[in-house]
Amino acid sequence: MSGNGHAELIFVGGAVYTVDAARRWAQGVAVRGGRIVAVGSDDEIVQLRGDGTEVVDLSGRMLVPGFQDAHVHPVAGGLDMLRCELHHLGSAAEYVAAIKAYAEANPDADWILGGGWAMDAFPGGTPTKELLDDVVPDRPVYLPNRDGHSGWVNSVALKLAGITRDTPDPADGRIERDAQGEPQGTLHEGAQSLVSDLAPPPTDEEMLQGLLKGQAHMLSLGITAWQDAIVDEGGEFGNLDAHLRAGADGTLKARVIGALWWDRTKGLEQIDDLVARRARGPVGRFSPTSVKIMQDGVCENFTAAVLEPYLDADGQPGANRGISFVDPEVLNEAVVRLDALGFQVHFHSLAERAVREALDAIETARRTNGWTDGRHHLAHIQVVHPDDLPRFRALGAVANAQPLWAAHEAQMDELTIPFLGEPRWRWQYPFASLVAHGATLAMGSDWPVSSADPIEEIHVAVNRQMPSDYPYRVDNREVFLPEERIDLPTALAGFTMGSAYVNHLDRDTGSIEVGKYADLAVLDRDLFAHPADEIASASVQQTFVEGERVYASRDA
Ligand SMILES: [Zn+2]
């Protein structure tokens, strides 16, 4: 940065929403050396214009801090985009047609891989092997659903894995069976690995291509930083090397915090490995400083950890209370040690028992280690017991919300509410209650589980109704628990400063302030100038990281 006062890049004529502490608005922004050097009125900003200055005339459009996604799987999303991609479809017939077309187009692929089907497209949420056998009789098929917690397989895959009616369910999963006890073609949670372990993991090159494809998608949505919720070495999620490579050669444009995978089949002895993996970074914009502990599953297949048993199809309590993947005592010990080592812990805590176990572990760490700056966070928080709402603030645990799921749609109405029952289903996605109790709210998409688009997420956070053009079966007749709606400033803060806080990037990003990096997104309209139920119609037109334009739409 030389002494000359000229900016390299200025934005003028806009609705600049800064997300600073005062929630200030401005008309323009000036950038030099990748950092913001001025935020103010057009008159103030144009004074910094020189011969070589690039001018972006916003013409009333909105400029926001680049979005940050606090829980996402861009490499998996990118790989899906490069393989048999089902996310954009919504019915069994569409899935089968797409799988048939993909298999025909890829005759040399030894396996049919990809995924993204929705449970609500099938009776009971579980597709059959016969549907696949009809279109792919010759090769194994393994297709995880959109949340990755269940996998759809054909007969060849079952045979290859040796799964028969006599195969017991693994401790951390379930083999779906038909009325005769035969494997039906859907594998839940840990049972998926009986097949997925046999599929060839992506090569290093495929991982890198997946990362870059995923990154391009994220950047096109105005997302300039994220936390990858599973970074591992080897296997299906073995994307650590891809991140290190892309970080080193600068092809990684976004800022990425890696959450290193906690292997629940191992114990505390794995902490040494995690320390060694962390020590391989930071490289470029990649920093593997978090640890992901998956504490439970999901409600739709009854693997999320609940305090009282799930109801059965007749509305009566059964015996199943879901799965705590990590024994709570081991969890406490692990979190104490990780916290002391300066790691952040990123929990998958979906239902109320897993939420409580995660909060208990953080409480134990606070008691043992004092107050560290780990910024531990609980992702998903679908069901939170009311007694636990104040504990987020008390413990400095960040609520990491995936707001797109907080709406009436088929998976919620048919596969979740009847089995959670009263009053528990009303404890779902309590975002306004968490804010009222002083919790810090971060937000993420969990893409490819559901859309990566923060504007769609924000739409649902504010409206608690799905965008009307969403590919799932949606039911917008009713607002989903309307008292838990949050306002637009709160939702925008969650996707910017809130997630920047979780990512330990809040000193340098997350708001538009002098001295911070010019990580910015241009929206086609001012979200505040339109009705709340039209938020999802907005789109991102340009994205910048450190003042470099990393995405521009055709209509930019
Ligand atoms: Zn996830």
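Some values worked out for this structure:
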quantity	calculated
Percent antiparallel among DSSP beta bridges (both partners in the chain, rounded to 5)	50
Relative contact order of the stretch 396-464, defined on C-alpha pairs under 8 angstrom at six or more residues apart (%)	54
Nonlocal amide H pairs with VAL550, under 5 Å, H built at 1.01 Å	THR543, PHE544, VAL545
Shape call, the stretch 198-263: gyration tensor on alpha carbons, a/c limit 1.5	prolate
Ratio of the Cα radius of gyration of the stretch 475-526 to 2.2 N^0.38 Å, where N counts its residues	1.49
Accessible heavy-atom area order of ASP360, ASP42, highest first, probe of 1.4 Å	ASP360, ASP42
Amide H contacts of ARG24 (H built 1.01 Å from N, under 5 Å, at least 5 apart or other chain)	THR18, VAL19
Loop trypsin sites (Lys or Arg not before Pro), the stretch 477-517, which have at most 14 other Cβ atoms in a 10 Å radius of their Cβ (DSSP)	ARG477, ARG507
Filtered trypsin sites (Lys or Arg not before Pro), the stretch 218-309: DSSP coil and at most 11 other beta carbons within 10 Å	LYS266
Table column - 3J(HN,Hα) (Hz), the stretch 146-151, Karplus curve with 6.51, -1.76, 1.60, x for Gly and Pro	5, 9, x, 9, 9, x
Under 19 Å, Cα to Cα: Lys pairs in the chain, sequence gap 8 or more or different chains	5
Exposure of ILE45 as accessible area (Å², to 10), given a probe of 1.4 Å and all protein chains	0
Positive-end residue, the stretch 187-338 charge dipole about Cα centroid, Cβ charges, pick of ILE293, GLN209, ALA246	ALA246
Distance between modelled label sites at GLU534 and ALA93, nm, 7 Å Cα→Cβ extension	3.5
Three-way shape label, the stretch 496-556, alpha-carbon gyration tensor, a/c 1.5	oblate
Dipole magnitude of the stretch 443-556, debye to nearest 20 (Cβ charges: Lys/Arg +1, Asp/Glu -1, about Cα centre)	80
Rg/Rg_ref, the stretch 35-139, where Rg_ref = 2.2 N^0.38 Å and atoms are Cα	1.86
Electrostatic dipole magnitude of the chain [Cβ: Lys, Arg +1; Asp, Glu -1; Cα centre; debye, to 20]	1300
Using θ = phi - 60° and Karplus 6.51 cos²θ - 1.76 cosθ + 1.60, couplings along the stretch 55-71 (whole Hz; Gly, Pro as x)	10, 9, 8, 6, 6, x, 6, 9, 10, 10, x, x, 5, 10, 9, 8, 7
Cα pair distances exceeding 33 angstrom across the chain, given as percent	41
FRET efficiency, ASP197 to THR372 (Cβ-Cβ, R0 45 Å, nearest 0.05)	0.80
Charge tally in the Cβ shell below 13 Å around VAL195, where Lys, Arg are +1 and Asp, Glu are -1, VAL195 excluded	-1
In Hz, Karplus ³J(HN,Hα) per residue of the stretch 9-25 (6.51, -1.76, 1.60; θ = phi - 60°; x = Gly, Pro)	8, 10, 10, 9, x, x, 9, 8, 9, 7, 6, 7, 4, 8, 6, 6, 9
Computed [θ] at 222 nm, helices only, for the chain once each DSSP H run of length n ≥ 4 contributes -39500 (n - 2.57)	-7500 deg cm²/dmol
Other-chain or far-sequence residues with amide H under 5 Å of VAL345's (modelled H)	VAL291, HIS376, HIS377
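The values are calculated or read from the model by the stated rules, or taken from the named source; none is laboratory data. As the structure is a prediction and not an experimental result, all values here were calculated from the model. Note: ideal-geometry Cβ built from the backbone for every residue, glycine included; neighbour counts use all protein chains shown. Accessible surface areas use protein heavy atoms only, side chains included; no ligands, DNA or RNA. Shrake-Rupley method; radii C 1.70, N 1.55, O 1.52, S 1.80 Å.
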